[in-house]
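The values are calculated or read from the model by the stated rules, or taken from the named source; none is laboratory data. In this text, all values refer to a predicted model and were calculated from it rather than measured experimentally. Here Cβ is always computed from backbone atoms with ideal geometry, including for glycine, and neighbour counts include all displayed protein chains. Ligands, DNA and RNA are stripped out before the accessible areas are found, and what is left, the full protein with its side chains, is counted by its heavy atoms. Shrake-Rupley method; radii C 1.70, N 1.55, O 1.52, S 1.80 Å.
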Amino acid sequence: MQQKETAAAEFAAAMKRLGLTTMQVADDFDMPESRIAELLKLHNVRHIEDGWVLRNYLIEKADAEGIELPPFTVLQGDPENYWFLDMRRIRKLNLKA
């Protein structure tokens, strides 16, 4: 449970650093804000890749803005090194289905 809490705190820190709201993220993913709020806290996660999708989304946003994010300590490294992850979902930043 500690890892989920840590990852959620890291998402919140990244969102704050980027000045993003859950509504902005929801718009980017074309999803309800309530669903994004759940995913950012890693509640009701339907796919193991969802956290990685959010992490990569935040990293891409930071890179585009030239903002350095605090490091992600739970979802760290290259997701391609984890054979059990569906890299198509992660690469496409797919939170649906």
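Scan segment 40-62 for residues that are assigned to a helix (DSSP H, G or I) and either modelled with pLDDT under 95 or not hydrophobic (A, V, I, L, M, F, W, C) (or both) and the total you get is 7.
The rows are residues; the columns are (1) surrounded by 14 or more Cβ atoms within 10 Å (Cβ to Cβ); (2) within 18 Å of ILE90 (Cα to Cα).
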| site | (1), (2) |
| --- | --- |
| MET23 | no, no |
| ALA26 | yes, yes |
| GLU33 | yes, no |
| LEU42 | yes, yes |
| ILE48 | no, yes |
| ASN56 | yes, yes |
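In segment 87-97, which residues are in a loop (DSSP other than H, G, I, E, B) and within 15 Å of the chain's Cα centre (by Cα)? Quick ask: steps written out before the conclusion?
So in segment 87-97, the residues in a loop (DSSP other than H, G, I, E, B) come out as 92-97.
Of everything in segment 87-97, those that are in a loop (DSSP other than H, G, I, E, B) and within 15 Å of the chain's Cα centre (by Cα) turn out to be LYS92, LEU93, ASN94, LEU95, LYS96.
Scanning segment 1-20 for residues that are open to solvent by 70 Å² or more (accessible area, probe 1.4 Å) and either within 23 Å of GLU68 (Cβ to Cβ) or not in a loop (DSSP other than H, G, I, E, B) (or both) yields GLN2, GLN3, LYS4, GLU5, LYS16, ARG17. The set of residues from segment 63-73 being out of contact with any helix residue (DSSP H, G or I) (no Cβ under 9 Å at 6 or more places or on another chain) and part of a helix (DSSP H, G or I) comprises ASP63, ALA64.
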